[in-house]
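Participant: Have a look at this one before I ask anything.
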Amino acid sequence: MTDAPATIADASASRSKGSLLEKDARTKKRNAAETRFKAYGIIAIGIGLAFLAALVFSIVRNGVPAFTQTYVTVPITLEAETLDPEGNRDPADISGVMTFAYSPLIQQGLQTALEEAGVETDMSASDLTKMLSSSAENTVRQRVVSNPDLIGETEEFRLLASSRVDGYLKGRVERADLERDRNLDAAHLDIVDQLQEAGVVSRTFNMDFILGTDASDNRPEQAGIGASMLGSFFMMLVVLALALPIGVAASIYLEEFAPKNKFTDLIEVNISNLAAVPSIVFGILGLAAFIQFAGLPQSAPLVGGLVLTLMTLPTIIISTRASLKSVPPSIRDAALGVGASPMQAVFHHVLPLAAPGILTGTIIGLAQALGETAPLLLIGMVGFIASNYPEGVASGFLDPNSAMPAQIYEWAKRADPAFYERAWGGIIILLVFLLSMNLLAIILRRRFERRW
């Protein structure tokens, strides 16, 4: 009996041999594992941020030059005997003068600009005009046609420089690159340097890149993304007008009213599968259904909007159903308990509370549709040069046009580096739209979000 207390005391002493303030081997091992896991997470975040920084740097470095353009200021004498031989200032007669008639006037004006700048050269007048864009004649003609009173006067025109000259001033074109160039050589660049010092050649902000239309392969310096932005806008109107009501209505029925059976289970599985279908499949479907079967105009924003609606519907339905599920069942029970019908409970109580999530899902779906390219390739909204803006709302939906991602793809595959530069600039504009739409989704969610 006397040995029992001693045994208990010895056991207690052995258990209390280690202090609680001292970490044993297993604790140290567990803490080391946690430290390593945190380090792995920090390293992963660092790698992700490094790639993101490299991407942003590449986009900004390659795309920002597209927002500036090189111009040449040329004093041109608009000779009346060439542009208005009848002397009656009739707009019909003036507009009948072909573009090539303006070429000698531009050549003479360019020689005058060189003389005023003190630049001496033995180069012929036709060779000098290679420093200008091939759109120079049309630029002068349009201004004269719109203002016939300029005929007989000497007027200064800011004409676009050629893509080679523009690339040289931006550092995109080197002198060594012109050794095999048939349009420009080192002598032209010497003249450009002198004209730049004299202020005749200058780089300014290029608003035409944002508001202009696409150009042909021999006029990359004139290409703009404005018409494509408008095409994307009309497509998004179609997507918003169709995908939002159809998607929300389908979600409400499936979540609140549809019976739980094999048929509705099949519908839900198909909706989930459609959300994972490659977007180019929707383009093939749109080509077959809307163009070949329904006979809608090819390359029209209306068709593009219908195709993107099919692609966006699963995203909106899934996000809307998730928002409806997030509303507590007590809201429905309380509404039904005070005498509301199931329809009133959904539309008067559940739907307003789920609206933030629905709006967020819709905007994210629209942003995803805005950046899609593959479906548009199948319906012909690429490779088309929109030379003019739509004349009205109906024209905006039905006339052939392009979209921002398709236009960027088209520029990226062209040979001239000036188009490649504009592709980067178009990416900046597209990212601005996408970031704005995602920011709007975040603001709406935080503005209307409620917690229970």
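Quick note: the coordinates plus some simple rules give every number you see, no bench work behind them. What you see is a predicted model, and the numbers here were worked out from it, not measured in a lab. When we count neighbours, we look across all protein chains shown, and the Cβ atoms used for this are built from the backbone with ideal geometry, even at glycine.
Participant: Counting only C-alpha contacts under 8 Å and six or more residues apart, can you give the relative contact order of segment 74-154 as a whole percent?
Facilitator: Normalised by residue count, the contact order of segment 74-154 is 49 percent.
Participant: Also, quick follow-up: Could you tell me which residue out of PRO85, THR27, ALA39 lies farthest along the dipole of the chain toward its positive end? Charges go on the beta carbon: Lys and Arg +1, Asp and Glu -1, centred on the Cα centre.
Facilitator: My answer, from the dipole projection, is THR27.
Participant: Something else: What are the lysines whose alpha-carbon lies under 18 Å from the alpha-carbon of LYS38, with same-chain residues fewer than 8 places away excluded?
Facilitator: Partners within reach: LYS28, LYS29.
Participant: Suppose R0 equals 51 Å. What FRET efficiency, 1/(1 + (r/R0)^6) with r the Cβ-Cβ distance, do ASP177 and LEU431 give to the nearest 0.05?
Facilitator: Using R0 = 51 Å, I get an efficiency of 0.95.
Participant: Within segment 149-192, name every residue whose backbone N is under 17 Å away from a label modeled 7 Å from Cα of GLN108 along the Cβ vector.
Facilitator: Residues 150-157 fall inside that zone.
Participant: Working out 0.36 nm times the residue gap between ARG203 and ALA258, then minus their Cα-Cα distance, what length gain in nm do you get to one decimal?
Facilitator: 13.5 nm
Participant: Here is a further query. Can you give me the angle between helix 25-63 and the longest principal axis of the chain, using Cα atoms only, in degrees from 0 to 90, rounded to the nearest 10?
Facilitator: So the inclination is approximately 20 degrees.
Participant: Note the full-extension length gain between VAL97 and ALA322 as 0.36 nm times their separation in residues minus their Cα-Cα distance, in nm to one decimal.
Facilitator: Between VAL97 and ALA322, full extension yields 74.5 nm more.
Participant: Note down the nm distance, to one decimal, between modelled labels 7 Å out along Cα→Cβ at GLN368 and at ASP193.
Facilitator: It works out to 5.5 nm between the two label points.
Participant: Quick one: what Rg and Dmax do you get for segment 262-377 from the alpha carbons, in Å?
Facilitator: Using the Cα atoms of segment 262-377, the pair Rg, Dmax is 17.9, 55 Å.
Participant: May I ask for the Kirkwood hydrodynamic radius of segment 308-452, worked out over all distinct Cα pairs and given in angstroms to one decimal?
Facilitator: This gives a value of 18.2 Å.
Participant: With axes computed from alpha carbons, what is the tilt in degrees of helix 3-15 against the longest principal axis of the chain, rounded to the nearest 10 within 0 to 90?
Facilitator: 0 degrees
Participant: Moving to a separate point now. Is it possible to state the helix-based mean residue ellipticity at 222 nm for the chain, with each DSSP H run of 4+ residues giving -39500 (n - 2.57), the sum divided by total residues, to the nearest 500 deg cm²/dmol? What is it?
Facilitator: Mean residue ellipticity, 222 nm, calculated: -19000 deg cm²/dmol.
Participant: Quick check: the angle from helix 262-274's long axis to the longest principal axis of the chain, C-alpha only, nearest 10 degrees?
Facilitator: With both axes taken from Cα atoms, the answer is about 50 degrees.
Participant: Only Cα pairs under 8 Å and at least 6 apart count here; give the relative contact order of the chain as a rounded whole percent.
Facilitator: Value for the chain: 18 percent.
Participant: Related question: Using R₀ = 51 Å, calculate the FRET efficiency as 1/(1 + (r/R₀)^6) where r is the Cβ-Cβ separation of SER126 and ILE42; round to 0.05.
Facilitator: For SER126 and ILE42, the calculated efficiency is 0.20.
Participant: Let me ask you something else. Would the chain count as rounded, prolate or oblate if I go by the C-alpha gyration tensor, calling it rounded below 1.5 in a/c and otherwise prolate when a/b exceeds b/c, oblate otherwise?
Facilitator: Note, shape of the chain comes out oblate.
Participant: Sticking with this structure for a sec: Output the Kirkwood hydrodynamic radius of segment 111-253, Cα pairs only, in Å rounded to one decimal.
Facilitator: Radius from the Kirkwood sum: 18.5 Å.
Participant: Using only Cα atoms, what is the ratio of the radius of gyration of segment 208-261 to 2.2 N^0.38 Å?
Facilitator: So the Cα radius of gyration is 2.03 times the expected 2.2 N^0.38 Å.
Participant: Which lysines have a Cα lying under 29 Å from the Cα of LYS413, excluding residues fewer than 8 positions away in the same chain?
Facilitator: LYS130, LYS170
Participant: Using Cα-Cα distances under 8 Å and only pairs 6 or more residues apart, what relative contact order does segment 161-291 have, in percent?
Facilitator: Contact order relative to length: 13 percent.
Participant: If you don't mind, there's one more thing I want to ask. Going Cα to Cα from LYS325, which aspartates and glutamates come in below 15 Å? Please leave out same-chain ones fewer than 8 positions away.
Facilitator: Answer for LYS325, where 15 Å is the Cα cut-off: GLU255, GLU256, GLU268, ASP333, GLU449, listed by chain and number.
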